[in-house]
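What follows is a short report on a single structure.
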Amino acid sequence: MRHKLSLTLCVLSILSFGLTGNVTAAGIDYTPYEKILNTYVNGEGRVNYQGLKADRGPLDNFIRTQIENADLSGFTDNERKAFWINAYNALTLRLIVDNYPLRFGGIRTINWGRPWSIQMKAAGRELSLGDIEHEILRKWDPIDPRIHFAINCASGGCPKLPKTHFPPADLDRRLDFEARRFVNDPAKVRLDRTQNIIYHSEILKWFDEDFLAVAPDLKSYILKYINDDDRRYIQSHDVKLKTVNYDWSLNEQ
């Protein structure tokens, strides 16, 4: 009888653990998040925030059950990195939905211009989007500057939000893909052959120390991902770099 009682209590304990939304090292269930991205994000990385706000239940539930109490202690390096990238993007979506519609100026109109300092919960910790970006992802050892092409700040100047999540098992290839997509997007990096100037996003300037940790200069980093035709031209000409103003408008459809 005592053995049966102990077994019953053990089963109840396991069921109770599952109902709290804790996610163990077995992995994160990104299926609901994948469906959200496929439904509300278009091929240009723009979001149907109106539709998402009207049907926000799946996003709130995904964050509550898969992000807020996730236990990362047994995760691999790529599993942890993918978790924080996906968490950042999902939490940003929720932040916009919480405040939508926004006035002109996009995300920067939230919290008196300090949206990245709003406290949220992820992996059992109270932190902000700024903490995830600067205290976790940017302090990865070794630094991986490709994260700047993966996290999306809900603005036109940000990297395009993909229609799919960042999968841990294929993370390196996906980050390379997003780096190439960013560098070959004329709105982010554009070679002007008439002036021999590469006009580039302020992201490359703001976080130059991250890019210079893996390349001798920004031009070399750009050359790693730019298309072959532009690469050959840049390598054979004296090309200068110049930043363009960041587009802070909301990345909505």
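Longest span of the chain, sites excluded, free of trypsin sites (Lys or Arg not before Pro) in DSSP loop with at most 13 other C-beta atoms within 10 Å?
Values: sites that count: 103, 139, 193.
So the longest stretch without any such site is 1-102.
Pop out the ³J(HN,Hα) list for region 132-143 in order, Karplus 6.51 cos²θ - 1.76 cosθ + 1.60 with θ = phi - 60°, rounded to Hz; leave Gly and Pro as x.
4, 6, 8, 9, 10, 5, 6, 9, 4, 10, x, 4
At q = 0.17 Å⁻¹, work out log10 I(q)/I(0) for region 68-146 with the Debye formula, treating every Cα as an identical point scatterer and leaving solvent out; two decimals please.
-0.70
Using the Cα centre as the reference, give the magnitude of the dipole from point charges on the C-beta atoms of the chain (Lys, Arg: +1; Asp, Glu: -1; all else neutral), rounded to the nearest 20 debye. Mind showing how you got there, number by number?
Details: 34 positive and 33 negative charges, 81 e Å.
Magnitude of the dipole: close to 380 debye.
Under a 5 Å amide H to amide H cut-off, with H placed in plane at 1.01 Å, what residues pair with residue 121 once short-range neighbours are removed?
127
In the chain, which helices (entire DSSP H runs) extend 15 Å or more along their own long axis, judged by Cα positions, while averaging at least -0.5 on the Kyte-Doolittle scale? Intermediate results must be reported in sequence, preceding the final value.
Details: long enough: 2-19 (26 Å, 1.21); 77-99 (33 Å, -0.33); 171-183 (18 Å, -0.72).
The qualifying helices are 2-19, 77-99.
Taking the Cα centre of the chain as the origin and placing charges on Cβ (Lys, Arg +1; Asp, Glu -1), which of 220, 38, 162 is farthest toward the positive end of the dipole?
Of 220, 38, 162, it is 38.
In whole Å, what is the distance between the alpha-carbon centres of region 123-142 and region 94-110?
Value for the Cα centre distance between the two parts: 22 Å.
For a footprinting-style exposure proxy, rank 39, 92 by other Cβ within 10 Å, fewest first.
Numbers: 39 13, 92 24.
Least to most surrounded, the residues fall as 39, 92.
Taking the chain on its own, what percent of its Cα-Cα pair distances exceed 30 Å? Intermediate results must be reported in sequence, preceding the final value.
On the way: 10545 of 31878 pairs.
Tail of the P(r) past 30 Å holds 33 percent of the pairs.
Comparing 183, 47, 214, which has the greatest mean-square fluctuation in the GNM of the chain with Cα pairs linked when under 10 Å apart?
Taking springs between Cα atoms under 10 Å, the residue moving most is 214.
Excluding residues fewer than 8 places away in the same chain, name every one of the lysines whose C-alpha is closer than 18 Å to that of residue 240.
Of all the lysines, those that pass the test against residue 240 - Cα under 18 Å, at least 8 places apart if same chain - are 188, 205, 219, 224.
For region 107-215, what size does the Cα cloud have along each of its three principal axes, sorted from largest down, in whole Å?
Dimensions of region 107-215 along the principal axes of its Cα atoms: 51, 37, 29 Å.
Values in this text are rule-based calculations from the coordinates and carry no lab data. Please read all numbers here as calculations on a predicted model, not as lab measurements. Reconstructed Cβ throughout: ideal geometry from the backbone, glycine too, with neighbour counts over all protein chains shown.
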